[in-house]
Amino acid sequence: SLFRNEMNDITGVISSGEDITDLRIAEEEQKLLQEQLQQAQKMEAIGQLTGGIAHDFNNILGCISGFAKLSLNILNENIDTERFEDYLQRIHNASERGIEMVNQLLTFSKGTGSTLSAIDIWPLLSEGGTSLIKAVIPPQIQLHTHCKENLPQIMGNSVHIEQVLLNLCINARDAINGSGTIEIGTQLCNNLDINCVSCREKLTGNFVEISVKDSGEGIDTALITRIFDPFFSTKERTKGTGMGLSIVHGIVHELRGHILVESNLGHGTPFRILFPKATGGIQPVKNTGHHQRQSLGKPRIMVVDDNESQAHLIQEILKSSAYEVMVFNDSVEAIDYFTEQPHTIDLIVTDQIMPKMRGTELAEKALQISPNLPIIMCTAYSENVSEIVAKSLGFAGYIPKPINIRNLRNMIEELV
């Protein structure tokens, strides 16, 4: 501001300023939070899509796999069945591969869906632990591991950490044009203060790191923030689906981990996966009730599933184990029957996602009538119910679809 006299001459100047450092930081934090929200929305949208597809697809695959396995078990050895057996085995093998694919979709959609426990990283990166990775890497690419022993344990699931490593190593393999190297390493990172590349969250503190680095061409810095987006790929259209790193994002963050990537063109790409140190395992709530059989003769089991083929498959599995089976495709009809004749049922196997009444609601009503009745949840996909949640609600067991016949038989044998 200028001061002037009566002649309009400038006689003084007043200058003022404002420190806007805090304002600028607040704006940057707001921008970061907005990016986190957008990223979460993108992941949620694709998660809902894959979850819906996986639910229906898993039912189909479960029928193919289950009936093929049952057919293999009852083949008459006196008949020339070599070709027939080969065809059935091919059906079973193909369905198992499809099941693995759906499990990847479910992992991305929902997360691990498994009980977490404190685990050591070292066994996962030993000679046996890297055998699957070596199977997908051509001879001209060398795999080196530099892993420190006696690192702190992390909360996780060994199967899904192996899946993260496999996906990252396949990415690394594809980034190498011709011969090269892939290096897997571990270390303890202390006093970090940095942002996660895939979720943008700020990281501070100490973490256990697993890194995968390739000697490929690297990634343009401008693209790094996009590589975890579903269906985005830097590969040629025929070589990549754009889902690999999205699945890595889903698994790592479900295990409370984070991801760092720093790459420049021509210098390879290191992916650093950071996990917090384990502070204690997660234990499911155990069912301590003891059920006394009330029916006479063979154990009588009620199967409730709105999918007719799935219900029939479970019925055939149980009939082959000498159980008497009642099947309901309508959950309301099932609970009405049980309400009238609870003493005739020794165990219930129920799906979760059904019209009219979900499996958790059915179980709640059944347990009000018969508190110690063993109930098994058998579901292909549920957004809100995991094994831990199911047991906390009173379920005696949890079997994911596609059904593992041996696991189902063993579980029922223990319960009745």
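The values are calculated or read from the model by the stated rules, or taken from the named source; none is laboratory data. Every value quoted in this text rests on a predicted model; they were computed, and no experiment measured them. A quick note on method: Cβ atoms are made from the backbone with ideal geometry, for glycine too, and the neighbour counts reach across all protein chains shown. Note: accessible area is taken over every heavy atom of the protein model, side chains too, but ligands, DNA and RNA are not part of it. Shrake-Rupley method; radii C 1.70, N 1.55, O 1.52, S 1.80 Å.
Name the single residue that is farthest from Asp330 (Cα to Cα) among those in region 359-379 being of a type in the set (A, V, I, L, M) and open to solvent by less than 10 Å² (accessible area, probe 1.4 Å).
Looking only at region 359-379, we keep the residues that are of a type in the set (A, V, I, L, M), and these are 362-363, 366-367, 369, 373, 375-377.
Those still in the list that are open to solvent by less than 10 Å² (accessible area, probe 1.4 Å) too: 362-363, 366, 373, 375-377.
Values: Leu362: 11, Ala363: 14, Ala366: 15, Leu373: 20, Ile375: 17, Ile376: 17, Met377: 16 Å.
Filtering region 359-379 for residues that are of a type in the set (A, V, I, L, M) and open to solvent by less than 10 Å² (accessible area, probe 1.4 Å), the one farthest from Asp330 (Cα to Cα) comes out as Leu373.
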Worksheet item: Could you give every pair whose Cβ atoms fall below 7 Å, whose first residue belongs to region 324-349 and is free of Cβ contacts under 8 Å to residues at least 60 places away in the same chain and farther than 17 Å from Asp306 by Cβ, and whose second residue is of a type in the set (S, T, N, Q) and open to solvent by 30 Å² or more (accessible area, probe 1.4 Å), counting only separations of at least 6 or pairs across chains?
Response: His343/Gln294
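Within the group His312, His290, which residue is farther than 30 Å from Glu183 by Cβ, modelled with pLDDT of 90 or more and open to solvent by 40 Å² or more (accessible area, probe 1.4 Å)? Quick ask: steps written out before the conclusion?
Details: His290 fails: modelled with pLDDT of 90 or more.
Only one candidate passes the filter, namely His312.
Mind checking whether some residue in region 4-23 is touching a strand residue (DSSP E or B) at 6+ places or on another chain (Cβ under 9 Å), open to solvent by less than 80 Å² (accessible area, probe 1.4 Å), at pLDDT below 75 and in a helix (DSSP H, G or I)?
First, the residues of region 4-23 that are touching a strand residue (DSSP E or B) at 6+ places or on another chain (Cβ under 9 Å): 4-5, 10-14.
Remaining after also requiring open to solvent by less than 80 Å² (accessible area, probe 1.4 Å): 5, 12.
Subsequent filtering for residues that are at pLDDT below 75 retains none.
Scanning region 4-23, I find no residue that is touching a strand residue (DSSP E or B) at 6+ places or on another chain (Cβ under 9 Å), open to solvent by less than 80 Å² (accessible area, probe 1.4 Å), at pLDDT below 75 and in a helix (DSSP H, G or I), so the answer is no.
Would you tally the residues in region 124-164 being open to solvent by 60 Å² or more (accessible area, probe 1.4 Å) and either of a type in the set (Ser, Thr, Tyr) or at pLDDT below 75 (or both)?
To start, the set of residues in region 124-164 that are open to solvent by 60 Å² or more (accessible area, probe 1.4 Å) comprises 127, 131-132, 134-135, 139-140, 142, 144-146, 148-150, 153, 159, 162.
Cutting the leftovers down to either of a type in the set (Ser, Thr, Tyr) or at pLDDT below 75 (or both) gives us 127, 131-132, 135, 145, 159.
So the answer is 6.
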Discussion item. Looking at Tyr323, Tyr398, Tyr337, can you tell me which residue is of a type in the set (Ser, Thr, Tyr), at pLDDT 90 or above and either open to solvent by 50 Å² or more (accessible area, probe 1.4 Å) or touching an Asp or Glu at 6+ places or on another chain (Cβ under 6 Å) (or both)?
Written reply: Tyr398
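Tally the residues that are modelled with pLDDT of 70 or more and surrounded by 19 or more Cβ atoms within 10 Å (Cβ to Cβ), restricting the search to region 100-123. First the steps, then the outcome.
Going residue by residue through region 100-123, those that are modelled with pLDDT of 70 or more are 117-123.
Retained after the next criterion (residues that are surrounded by 19 or more Cβ atoms within 10 Å (Cβ to Cβ)): 121.
Going through region 100-123 one residue at a time, the tally reaches 1.
Can we say Asp305 is modelled with pLDDT of 90 or more, of a type outside the set (A, V, I, L, M, F, W, C) and surrounded by 13 or more Cβ atoms within 10 Å (Cβ to Cβ)?
Numbers: modelled with pLDDT of 90 or more: yes; of a type outside the set (A, V, I, L, M, F, W, C): yes; surrounded by 13 or more Cβ atoms within 10 Å (Cβ to Cβ): yes.
Yes: the conditions hold for Asp305.
Kindly indicate which of Asn372, Asn410 is over 21 Å from Ile99 (Cα atoms) and not in a helix (DSSP H, G or I). Can you show your working first?
Details: Asn410 fails: not in a helix (DSSP H, G or I).
Of Asn372, Asn410, the one residue that is over 21 Å from Ile99 (Cα atoms) and not in a helix (DSSP H, G or I) is Asn372.
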Worksheet, complete the sentence: Residues of region 201-217 being within 30 Å of Ile176 (Cα to Cα) and aliphatic (A, V, I, L, M), in sequence order, are Val208, Ile210, Val212
Item to complete: Go through region 380-395 and give me each residue that's open to solvent by less than 20 Å² (accessible area, probe 1.4 Å) and aromatic (Phe, Trp, Tyr).
Response: Phe395
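Just give me the residues in region 345-358 being of a type outside the set (A, V, I, L, M) and open to solvent by less than 20 Å² (accessible area, probe 1.4 Å), in sequence order. It would help to see each step written out before you state the result.
Keep residues of region 345-358 that are of a type outside the set (A, V, I, L, M), which gives 346, 350-352, 355-356, 358.
Matches in region 345-358: Asp346, Thr350, Asp351, Gln352.
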Worksheet item: Can you tell me which residues in region 306-323 are over 18 Å from Asn73 (Cβ atoms), among the charged types (D, E, K, R) and in contact (Cβ under 8 Å) with a residue 40 or more places away in the chain?
Response: Asp306
Item to complete: State whether one or more residues within region 184-197 are touching a strand residue (DSSP E or B) at 6+ places or on another chain (Cβ under 8 Å) and in a loop (DSSP other than H, G, I, E, B).
Response: yes
Worksheet item: Do we find a residue being among the β-branched types (Val, Ile, Thr), under 17 Å from Leu125 (Cα atoms) and open to solvent by less than 20 Å² (accessible area, probe 1.4 Å) anywhere in region 218-228?
Response: no
Worksheet item: Residue check, Pro371 against (1) out of contact with any helix residue (DSSP H, G or I) (no Cβ under 9 Å at 6 or more places or on another chain); (2) without any contact (Cβ under 8 Å) to a residue 60 or more places away in the chain; (3) not aliphatic (A, V, I, L, M), all met but one. Which one?
Response: (2)
Worksheet entry | Filtered residues of region 153-193 (kept if touching a helix residue (DSSP H, G or I) at 6+ places or on another chain (Cβ under 9 Å), within 17 Å of Ala278 (Cα to Cα) and free of Cβ contacts under 8 Å to residues at least 40 places away in the same chain) | Ser158
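Which of the residues spanning region 200-214 are open to solvent by 60 Å² or more (accessible area, probe 1.4 Å) and under 16 Å from Asp174 (Cα atoms)? So that I can check it myself, show each step before the final result.
Narrowing region 200-214 to residues open to solvent by 60 Å² or more (accessible area, probe 1.4 Å): 201-202, 204, 206, 213.
Answer for region 200-214, where residues must be open to solvent by 60 Å² or more (accessible area, probe 1.4 Å) and under 16 Å from Asp174 (Cα atoms): just Lys213.
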Item to complete: Show the residue pairs that are 6+ apart or on different chains and have beta-carbon atoms under 8 Å apart, the first residue being within region 201-212 and over 18 Å from His160 (Cα atoms), the second being open to solvent by 30 Å² or more (accessible area, probe 1.4 Å) and of a type in the set (Lys, Arg).
Response: Asn206/Lys277; Phe207/Lys277
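Restricting attention to region 313-359, report how many residues are under 30 Å from Ala68 (Cα atoms) and either of a type in the set (Ser, Thr, Tyr) or not in a helix (DSSP H, G or I) (or both).
In the first step, residues of region 313-359 are kept if they are under 30 Å from Ala68 (Cα atoms); the result is 313-331, 334, 345-355, 358-359.
Going one step further and asking which of them are either of a type in the set (Ser, Thr, Tyr) or not in a helix (DSSP H, G or I) (or both), we end up with 320-331, 345-355, 358.
Summing the residues that are under 30 Å from Ala68 (Cα atoms) and either of a type in the set (Ser, Thr, Tyr) or not in a helix (DSSP H, G or I) (or both) in region 313-359 gives 24.
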